[in-house]
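The values are calculated or read from the model by the stated rules, or taken from the named source; none is laboratory data. This structure is a prediction, so every number in the text was calculated from the model and none was measured. Because the Cβ atoms are built from the backbone with ideal geometry, glycine has one as well, and the counts that use them run over all protein chains shown. Each accessible area value is taken on the protein alone, full model and side chains, heavy atoms only, with ligands, DNA and RNA left out. Shrake-Rupley method; radii C 1.70, N 1.55, O 1.52, S 1.80 Å.
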Amino acid sequence: MTFELKATSRAKQGTGASRRLRKAGQLPGIVYGGSAEAVAINLDHNSMYYTLQDEKFHTALIQLSIDDGAAEQVLVRAVQYHPFKQQVQHIDFQRVSAESVVELRVPLHFVDGDACLGVKMQGGAISNVLKEVMVRCVASKLPEFITVDQSKLAVGNLSVHLSDIALPEGVQLVSLLRGADLAVSMLNGAKG
């Protein structure tokens with residue numbers, strides 16, 4: 001899924017200028033990376049707030065046009081939220097090309113946990129330890145999510161490790177590259 005955003009550049013920066021933008025219903029942000037200079041931008045807050053609720057947005061290549069100029073390909077790198085209001089404070093975008101190698105957090109989607117032997121027949125309960133993992137790949141091959149199959153969980157086979165996850169072609173788990181192999185989900189409370 002491709003997202004297209006329109007932003008305007010802003011000359012004034014700093015706490016006071018950002019506060020005035022937020023009061024006017026705008027979201028301050030920045031675009032950096034690539035061979036171009038960093039550009040301070042502002043976007044419509046309400047549309048961005050609801051767009052940020054979509055899980056796919058955080059791992060998608062986004063077409064961002066600033067001041068109705070040519071669209072640049074960017075990734076969301078950081079989002080800052082207000083501690084208790086439903087308000088986004090700031091957003092950072094990084095310019096990337098389709099062939100740039102990037103590291104990004106990708107959500108995990110768990111399937112077949114309710115149908116596994118450990119839950120259906122042995123009285124266990126599944127506890128998902130990780131919700132997302134850091135991956136490294138070419139920007140054009142960035143997955144929206146990674147599926148974790150829990151259908152083989154049973155007593156004696158209590159966890160799914162990162163090394164057991166089937167990854168899309170060209171995608172590597174950063175944790176495995178650094179020597180860690182964590183359990184993604186575990187079966188607890190199995191009656192023996």
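Assorted remarks:
- Meets criteria (of a type outside the set (A, V, I, L, M, F, W, C), loosely packed, with under 15 Cβ neighbours inside 10 Å and in contact with a strand residue (DSSP E or B) (Cβ under 6 Å, 6 or more places away or on another chain)) for GLN94: no
- Qualifying positions in segment 153-177 - under 20 Å from the mean Cα position of the chain (by Cα) and not in a strand (DSSP E or B): LEU162, ILE165, ALA166, LEU167, PRO168, GLU169, GLY170, VAL171, VAL174, SER175, LEU176, LEU177
- Selection count, segment 80-104, where residues are among the hydrophobic types (A, V, I, L, M, F, W, C) and under 12 Å from ILE30 (Cβ atoms): 2
- Screening VAL101, VAL106 for residues that are open to solvent by 60 Å² or more (accessible area, probe 1.4 Å), of a type in the set (Val, Ile, Thr) and either over 9 Å from GLN150 (Cβ atoms) or out of contact with any Leu (no Cβ under 8 Å at 6 or more places or on another chain) (or both) leaves exactly one candidate, VAL101.
- Meets criteria (among the charged types (D, E, K, R) and over 15 Å from ALA7 (Cβ atoms)) for GLU72: no
- Just one residue in the set THR51, THR8, THR59 is in contact with a helix residue (DSSP H, G or I) (Cβ under 9 Å, 6 or more places away or on another chain) and open to solvent by less than 80 Å² (accessible area, probe 1.4 Å); that residue is THR51.
- Of all residues in segment 131-152 being of a type outside the set (Asp, Glu) and assigned to a loop (DSSP other than H, G, I, E, B), the one that is farthest from PHE57 (Cα to Cα): LYS152
- The residues of segment 10-55 that are without any contact (Cβ under 8 Å) to a residue 12 or more places away in the chain, of a type outside the set (Lys, Arg) and either assigned to a helix (DSSP H, G or I) or within 14 Å of GLN80 (Cβ to Cβ) (or both), listed by number, are THR15, GLY16, ALA17, SER47, TYR50.
- Identity of the residue in segment 11-26, loosely packed, with under 12 Cβ neighbours inside 10 Å and aliphatic (A, V, I, L, M), that ends up nearest to HIS45 (Cα to Cα): ALA24
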